[in-house]
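Only one structure is covered here, and it is reproduced in the block below.
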Amino acid sequence: MTRLPKTPFVSAISAAALLALFAAGCQRDGGATAEAGKAAPGEAAPASLTSFKTGDLSQLDFVKSVPVPPSSFIDADGKEHTLAEYKGKVLVVNIWGEWCAPCVEEMPTLAKLQKAFPNGDVAVVPVAFGYPEDKDKAIAKLKTLAGDTLPFYYDSSYNVSYDLKTGIFPSTVIFNKDGKEVARLEKNADWSSDRAIGLIKSILAGKTS
């Protein structure tokens, strides 16, 4: 498991060293597991989010309370964006890298998670981290993994990871419609499972714990 240092600034040289460490130390556990605790389609959402803390979601954390960060990142055309653009939606932010095998493994399941909520009330937003010159590689990788289902965003300064207070790849941080963090998972998972979809449905229903 590799973590980012909790410092507000990383020089170009330091960022290069960190990226090399991430590529080598990126977590390789996870993957599909038995669907214990899943929410069947059409079932009422469970009373507590903790009921989903099982299987590959067993490391869900409901303690942190980080607001939607103000940090900016760029899209494929270099235009700056912030997560505030998704105000009013349940926001699933995924920190990933095209060089990170577990990140690549779970990305298609994040695309399927997005497709499970076609009404626009849930936004799955992956933000890739890497060298500035490797942005095109990340664009191509996301296209291969998710088609046109997910937006492409890139952060070569690691500001988003710093503001989210996570240095683990992959990390997924989930915010409710009020912009408050309600859950995070600092490892890969099958986000297309009934369990994961049930978690998001519960958050949509207003559950916070």
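The values are calculated or read from the model by the stated rules, or taken from the named source; none is laboratory data. These numbers come from a predicted model, not from an experiment. Backbone-built Cβ (ideal geometry, glycine too); neighbour counts: all protein chains shown.
Among the numbered conditions (1) modelled with pLDDT under 95; (2) β-branched (Val, Ile, Thr); (3) within 15 Å of the chain's Cα centre (by Cα), the only one that ILE174 does not meet is (1). Sub-8 Å Cβ pairs linking a first residue in region 189-209 that is in contact (Cβ under 8 Å) with a residue 24 or more places away in the chain and closer than 16 Å to GLY88 by Cα to a second residue that is assigned to a helix (DSSP H, G or I) and not β-branched (Val, Ile, Thr), at least 6 apart or interchain, are ILE200/LEU113; SER202/LEU49; SER202/PHE52; ILE203/LEU49; LYS207/LEU49; THR208/LEU49, ordered by first then second residue. More than 15 Å from VAL92 (Cα to Cα) and either surrounded by fewer than 20 Cβ atoms within 10 Å (Cβ to Cβ) or not charged (D, E, K, R) (or both), is that true of ASP148? It is true that ASP148 is more than 15 Å from VAL92 (Cα to Cα) and either surrounded by fewer than 20 Cβ atoms within 10 Å (Cβ to Cβ) or not charged (D, E, K, R) (or both). For LYS165, the conditions (1) basic (Lys, Arg); (2) in contact (Cβ under 8 Å) with a residue 12 or more places away in the chain; (3) over 22 Å from LYS207 (Cβ atoms); (4) outside any loop (DSSP other than H, G, I, E, B) are fulfilled apart from (4). Of the residues PHE22, PHE117, which is aromatic (Phe, Trp, Tyr), at pLDDT below 95 and either part of a loop (DSSP other than H, G, I, E, B) or more than 15 Å from the chain's Cα centre (by Cα) (or both)? After applying the criteria, what remains is PHE22. Each residue in region 139-159 was checked for being hydrophobic (A, V, I, L, M, F, W, C), assigned to a helix (DSSP H, G or I) and touching a residue at least 60 places away in the same chain (Cβ under 8 Å), and 1 of them qualify. Checked against the criterion of being β-branched (Val, Ile, Thr), outside any loop (DSSP other than H, G, I, E, B) and in contact (Cβ under 8 Å) with a residue 60 or more places away in the chain, region 125-138 has no qualifying residue. The requirement of being at pLDDT 95 or above, among the aliphatic types (A, V, I, L, M) and more than 23 Å from ILE203 (Cβ to Cβ) is fulfilled nowhere in region 77-98; no residue meets it.
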